[in-house]
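The values are calculated or read from the model by the stated rules, or taken from the named source; none is laboratory data. None of these values were measured; they are calculated from a predicted model. Reconstructed Cβ throughout: ideal geometry from the backbone, glycine too, with neighbour counts over all protein chains shown. What goes into the accessible areas is simple: the full protein's heavy atoms, side chains included, and nothing from ligands, DNA or RNA. Shrake-Rupley method; radii C 1.70, N 1.55, O 1.52, S 1.80 Å.
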Amino acid sequence: MLKPEKAGSVSADSFPSKFVDDIKTIVGGEEKKLVRWFDTVKNTDIAIVGGKNASLGEMIQAGLPVPFGFAITAYSYERYIEEQKLSEQIYNIIKETVKDPNDPRQYDVASKQIRLLMEKTSMPKDIEIAIRDAYEELNNRLDLKDTFVAVRSSATAEDLPDASFAGQQETYLNVKGSDDLIDKVLKCWSSLFTPRAIFYRNEKGFSHERVFISVGVQKMVNSRASGVMFTINPVTGASDEIIIEGSFGLGETVVAGAVNPDNFVVDKKTLKNKKPLKIKERRIARKTIKYVRDPQSGKTVHLKIPDDEQKLECVSDTEIAFLAELAVRIENHYGKPMDIEWAIDQDLPYPKSMMLVQARPETVFGIKNPEELKMAEIKTQDLNVVVRGIPAGRRGYGTGKAKVILNKEDAYRDMTKGDVLVTGMTDPDFVPFMKMASAIVTDQGGITSHAAIVSRELNIPCVVGTETATQTLQTGQEYTVDSRNGLIYEGILELATTPTTNNAIAIQTVDAAPVTATKIYLNLGIPDMIEQYANLPFEGIGLMRTEFIMAGAIGKHPMLFVDDNEGQKFVDIFAENVAKVARVIQPKPVVVRFSDFKTNEYRGLVGGEKYEINEENPMLGWRGCSRYISPWYIQAFRLECQAIKKCRAEWGLKNVYVMLPMVRTLWEAKQVLDIMQTEGLKRDKDFKIWFMAETPSIAILADEFSKLVDGFSIGSNDMTQGVLMIDRDSERLGQMGYFDERDPAVKRIIAHLIKVAHENNCTVSICGEGPSNLPDFAEFLVRAGIDSISVNNDAVVTTRKNIAQVEQKIILERLAEQAAIAAGRPIKKPLPDWAWEP
């Protein structure tokens, strides 16, 4: 793999001043460059280079094997549509053409008009020169002439943790020469407005005006084999498995579902425990075609694989082990399950041949329980299994009349809402029709194919890789699609029409949740996920983190909005994201924590370096309330307050409350409350204000702090750090067992806070990780009298069950004590380690 040198960037010397006024998302020095090399970008640069390119840069900086290249920035695209007078024309076409959001034909008409307009409009000359110069520089670095490159679209709303935009824009492979490159860049820009992309943004609530596009230009991998891998099983949700799928040639055969790929299930535990790799399952498919580069023309061609090679494994066990190790490294780096594209270069020796070409968050298994839900036994003696395949999509049942669709024209003509979509394989153009389907069945593809990924996100049952569905299933006949077992039954299975079966995850989870006296709240970071979590048994949002809004929807440093006189834009975006949550769960409360980035995190935002200082220990530095009252941030804090007021006053969302993080002293707390009051946020019976209890001082002076607020929410990680004087990020101290919320000193200060807060009519909650990870810590909290516990979505049900058991245990203990007293045999119990003699 090429080791990139320190790379420069190509920028414009000048541009129209009008554009500076009109610019929508990107401002600042670095962000105005036309081209950025991959090794100069990272995940925080999504607004500049889009999700795909930001991820490539992040992996390069993490030392992972990624083919080198450069990104044509979203700023270049913005200049193109603004200076060439395209912006207003584009958005008018969408507004005038797409009247019915459920009619795929209207998206198609709008797309054709927009793409024709864009592809006949040349880009500004300085942008073209910058792209040609960067391509020439890439050739020099690689010591090649007219390097083959992949030209990949990278939208600024792409690959965010809550929505997989995979395949919504276009990619061009084996592009050679600067003329061909310029042509493909224009096509990538216009692919921001394919029918599927317009539809998808409407579905996910992304404003067309706020989504821009960058283009990645990356050295082409001459793939012997390629494919996709997940660091979590995307069908079952099992987090201890890595799924690797691959085929011969370019990876498009796997992603597009043109072949049924080889499938390998790797036991992740063997990697983490440094044991020999265990491949739990291997399914070698008959791979009939491959996409490769033609050695004469240099173009991508489709070749038939000889019969005697079709059942050969596309990768060796050594290569599987290497890929699995890369998967674990990527998951550890990002801290979440990932969807990864890989390729093996036939021109390079192992292991230099092993390449990563994409990584994005896996978007489906945020709320699913990895344990199989117990379902009623299916009686199938009266129904005939007509097709078998690979289970994918929502794990349940879909029923309806089959529509065998071989192309998009068939879909326009024949598909109606509630049909079972049967096709060879879906591609991104099928998304509007997939949304109409009750279930999806394909001949080709595996669990990482387009049909599998999109059906999971759309929450639709799906069976892929059947090989014969389009020949076996008949249009107009009724079928039941069982996406748990990969079966298609002839006729309608009675069990599949019952609500508890068809929506098993949501409904059974609620039914199984016991009632507790201790309230169970939900922690939420990504506003768009609330609809997926809405059926979980929680009493409100105990912690709505605003950091994702800051890093994702807003993207720029808040003070940059202040200095650019764009404060209202910040207020609107912030308020829209809070309101999105409040509307779904009202009248349940949403406790919004004001921003709690540390200086190093704020510095990662666009423009952040201008406003942030360097701190040796940002965890203990300028954050929380100390930031809000400072002259360097107070105006940005006022914008946050105005956004909350907009939710409550303009939109009537009275269930929106607020919480202040990192409260250290009484005087700073009073100053922050004064600022809030001047912005129209004053405590009353309909508006509650909480303090995060993260510092020992707030617990020690709980009687005084209680006079200022309605409640506290314990941040157990920071509280433990403060009480024990431990850097919570210290690996050495963590390995030695120092960091433990169950330390008697930590428990005692928490118990003191609860006791004193209750004496002063304040409620106490906790939003740290302790209660969900440590059942005995949760029991301590209940015994100490905690009012509520706020946990992540995957712990809501288990925490509720655990708390119910603890509460029942306490009731039985008290009944036993009363009985003993009545019998003249009072029970003398020792004080727990967290209690003290009055």
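Across region 601-629, what is the total count of residues that are among the β-branched types (V, I, T) and more than 12 Å from M559 (Cα to Cα)? The total comes to 2. F574: closer than 30 Å to F538 by Cβ and either open to solvent by 10 Å² or more (accessible area, probe 1.4 Å) or not in a loop (DSSP other than H, G, I, E, B) (or both), yes or no? So F574 fits the description; yes.
Selection over region 394-430 of residues that are more than 21 Å from D482 (Cα to Cα) and of a type outside the set (F, W, Y) gives a count of 11. Looking only at residues of region 75-132 that are surrounded by fewer than 17 Cβ atoms within 10 Å (Cβ to Cβ) and small (G, A, S), we find that the one that is modelled with the highest pLDDT is S122. A single entry from D794, D776, D743, D787 fulfils the requirement of being of a type in the set (D, E) and modelled with pLDDT under 80: D794. Checking each residue in region 130-156 for being touching a residue at least 60 places away in the same chain (Cβ under 8 Å) and hydrophobic (A, V, I, L, M, F, W, C) picks out A130, I131, A134, L138, L142, F148, V149, A150, V151, A155. Return yes when W622 is outside any helix (DSSP H, G or I) and touching a Ser or Thr at 6+ places or on another chain (Cβ under 7 Å) and no when it is not. The answer is yes for W622.
Put simply, of G567, G621 the only residue that is open to solvent by 10 Å² or more (accessible area, probe 1.4 Å) and either out of contact with any Asp or Glu (no Cβ under 9 Å at 6 or more places or on another chain) or free of Cβ contacts under 8 Å to residues at least 12 places away in the same chain (or both) is G567.
Considering region 216-311, the qualifying strands (runs of 3 or more DSSP E), each wholly inside and each with 2 or more residues that are at pLDDT 90 or above, open to solvent by less than 10 Å² (accessible area, probe 1.4 Å) and not basic (K, R), run over 223-230, 241-248, 262-267. Screening E494 on (1) charged (D, E, K, R); (2) at pLDDT below 85; (3) touching a Gly at 6+ places or on another chain (Cβ under 9 Å); (4) open to solvent by 40 Å² or more (accessible area, probe 1.4 Å) shows it passes everything except condition (3).
Residue-level check: of (1) without any contact (Cβ under 8 Å) to a residue 40 or more places away in the chain; (2) assigned to a helix (DSSP H, G or I), E615 misses just (2).
Yes or no: region 335-347 includes at least one residue that is in contact with a Ser or Thr (Cβ under 6 Å, 6 or more places away or on another chain), under 19 Å from G57 (Cα atoms) and either hydrophobic (A, V, I, L, M, F, W, C) or open to solvent by less than 40 Å² (accessible area, probe 1.4 Å) (or both). Scanning region 335-347, I find at least one residue that is in contact with a Ser or Thr (Cβ under 6 Å, 6 or more places away or on another chain), under 19 Å from G57 (Cα atoms) and either hydrophobic (A, V, I, L, M, F, W, C) or open to solvent by less than 40 Å² (accessible area, probe 1.4 Å) (or both), so the answer is yes.
Filtering region 169-189 to residues that are at pLDDT below 90 and either surrounded by 24 or more Cβ atoms within 10 Å (Cβ to Cβ) or of a type in the set (D, E, K, R) (or both) leaves Q169, E170. No other residue among R413, R394 is at pLDDT below 90 and closer than 26 Å to G227 by Cβ apart from R394. Scanning region 190-207 for residues that are at pLDDT below 70 and part of a helix (DSSP H, G or I) gives E203, K204. Among the residues in region 395-402, are any outside any strand (DSSP E or B) and over 24 Å from K287 (Cα atoms)? Scanning region 395-402, I find at least one residue that is outside any strand (DSSP E or B) and over 24 Å from K287 (Cα atoms), so the answer is yes. Among the residues of region 147-168, those that are modelled with pLDDT of 90 or more and either closer than 30 Å to D108 by Cα or open to solvent by 20 Å² or more (accessible area, probe 1.4 Å) (or both) comprise F148, V149, A150, V151, R152.
Is one or more of the residues making up region 666-681 of a type outside the set (D, E) and under 21 Å from H557 (Cβ atoms)? Yes, because at least one residue in region 666-681 is of a type outside the set (D, E) and under 21 Å from H557 (Cβ atoms).
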